[in-house]
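The values are calculated or read from the model by the stated rules, or taken from the named source; none is laboratory data. The structure displayed is predicted, hence computed values, not measured ones. Cβ placement follows ideal geometry from the backbone for every residue including glycine, while neighbour counts extend to all protein chains displayed. Calculation scope for accessible area: heavy atoms of the full protein, side chains included, ligands and nucleic acids excluded. Shrake-Rupley method; radii C 1.70, N 1.55, O 1.52, S 1.80 Å.
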Amino acid sequence: MANPVLVEVLRGAVVESAHRGAVAVVDADGKTVLDIGNTARPVFPRSAVKAIQALPLVESGAADAYGFGNRELALACSSHSGEPEHVELAAAMLAKAGLDSSALECGSHWPSNHHASIQLARAGGEPNPLHNNCSGKHAGFICTCCHTGIDHRGYVGAGHHMQEMIKEAMETVTGAAHNASHCGTDGCSIPTYAVPLRSFAAGFARMATGNTLGLERAKAAKRLVEACMAEPFLVAGTDRIDTKLMQAAPGRIFVKIGAEGVFCAALPELGFGIALKCDDGAERAAGVMIAAVLAKLLQADAELAVKLVEFANPPVESRLGARVGLLRPTAALV
C-alpha cells in the first residue's frame, strides 16, 4: 500500500505536485504517539543520525581531552553549509589532534551556501574536504581515533574500529539490528544502514530522555542534543531549515536533516522522538513535513505553533520574488 500524500505544491489555486511520505513519533517508553504511512519499511537515515554517530566522541573521553564544548560537538553532529565559520572550526578540531584536512576521508565539494561558494571562487580557491558538509562529523571520528590510540587511516571503512563503535551505538540507541544486507555507503563514504523509520524515532526519544541507555550513554546523548540546540547555526547554516526550527524555540527543539527527504528530531520536554521520510527524497517537502509535525506536537504553545505553521506553509515565488503559490501539509499530516 502506498504512503499517503502529505505535502501538496500549489501554483495559484491548482495543485501542481504532491509528495508522499511516512512519519513516526515515539515517546520515551517506546509507545507510538503518531504513525502515518509505512513506518516499518527500512530507510537509510543518512545524515539525520549524526548525533548518534557522535556518541563515541563523547563516551571515549576524546571530547573532553581536546577541550570540545558545544560548538565543536554541534559541528560533529552537523551537515554544515561550508561557510567560513564551519570550515575554520572543523580545521581547529583536527588541529587539536595534531592533524589537518589531509586526514579527512569524506571527499570535497563546493559549499552548499551560495555566498560561501562565490567567495571561495572569487578568491581563486577550490573546495577541499573541510568544505564537505560532513567534515565536522569526520573530524570527530578522527579525534576519537587519535585519543583512543586507533590508527585513523581508513576510518571510513566498514571494518574499521571507528565504524564498529558507531554501529554498536546505532544498534543500542535505535534497538534495530544493523545488518550487512541492509548496508549502503553514504555520500561521505561511511557505512549507512536501512532500518525501520519507527526505530529512528524511538532512538531519538532515547537520545532526548536517556531512557534505557545507561548512565554514561544517557549523559553523552543529552550533552550532544543540548549542544546542537545551543548552536543551531553550526548544525546547518544560514537560512537552513534545521537552524531556523531550532532558533524558533531555543533549547526545546532538536532537528536534523538527512539526504533523500529524511528528518529526525526530538522534543526533550515531551520525551518524543520523531523520524520521517519523504518518499521521493524532496528536501522541500520534508521540511514542510517536519515543521507541520512539530507544530502539531507543540500546539499547546500557541505562539510557537504559529511560527512553526509558517515554516510548514512556505511560499512558491517567481523569479521576481512575487508569491505565486505555496507548499502545504495535507489533512493526512495535520
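Restricting attention to the stretch 176-205, report how many residues are crowded, with 16+ Cβ neighbours inside 10 Å, closer than 28 Å to residue 271 by Cα and either out of contact with any strand residue (DSSP E or B) (no Cβ under 7 Å at 6 or more places or on another chain) or among the β-branched types (Val, Ile, Thr) (or both).
3
So, of the residues in the stretch 315-329 that are over 18 Å from residue 283 (Cβ atoms) and of a type outside the set (Gly, Ala, Ser), which turns out to be most open to solvent (accessible area, probe 1.4 Å)?
By that ranking, first place goes to 319.
Looking at this structure, is residue 171 farther than 24 Å from residue 93 by Cβ, not aliphatic (A, V, I, L, M) and not in a strand (DSSP E or B)?
yes
Residue check, residue 281 against (1) within 24 Å of residue 52 (Cβ to Cβ); (2) out of contact with any Asp or Glu (no Cβ under 8 Å at 6 or more places or on another chain); (3) not in a helix (DSSP H, G or I); (4) not aromatic (Phe, Trp, Tyr), all met but one. Which one?
Residue 281 satisfies all of (1) within 24 Å of residue 52 (Cβ to Cβ); (2) out of contact with any Asp or Glu (no Cβ under 8 Å at 6 or more places or on another chain); (3) not in a helix (DSSP H, G or I); (4) not aromatic (Phe, Trp, Tyr) except (2).
Residue under question is residue 243, and the condition is that it be surrounded by fewer than 23 Cβ atoms within 10 Å (Cβ to Cβ), under 17 Å from the mean Cα position of the chain (by Cα), modelled with pLDDT of 95 or more and not in a strand (DSSP E or B); does it hold?
yes
Could you count how many residues in the stretch 23-57 are among the basic types (Lys, Arg), under 20 Å from the mean Cα position of the chain (by Cα) and open to solvent by 10 Å² or more (accessible area, probe 1.4 Å)?
2
Which of the numbered conditions does residue 28 fail, given that it passes all the others? Conditions: (1) in contact with a Gly (Cβ under 6 Å, 6 or more places away or on another chain); (2) closer than 15 Å to residue 223 by Cα.
(2)
Determine whether the stretch 60-68 contains at least one residue that is part of a helix (DSSP H, G or I) and crowded, with 24+ Cβ neighbours inside 10 Å.
Yes, because at least one residue in the stretch 60-68 is part of a helix (DSSP H, G or I) and crowded, with 24+ Cβ neighbours inside 10 Å.
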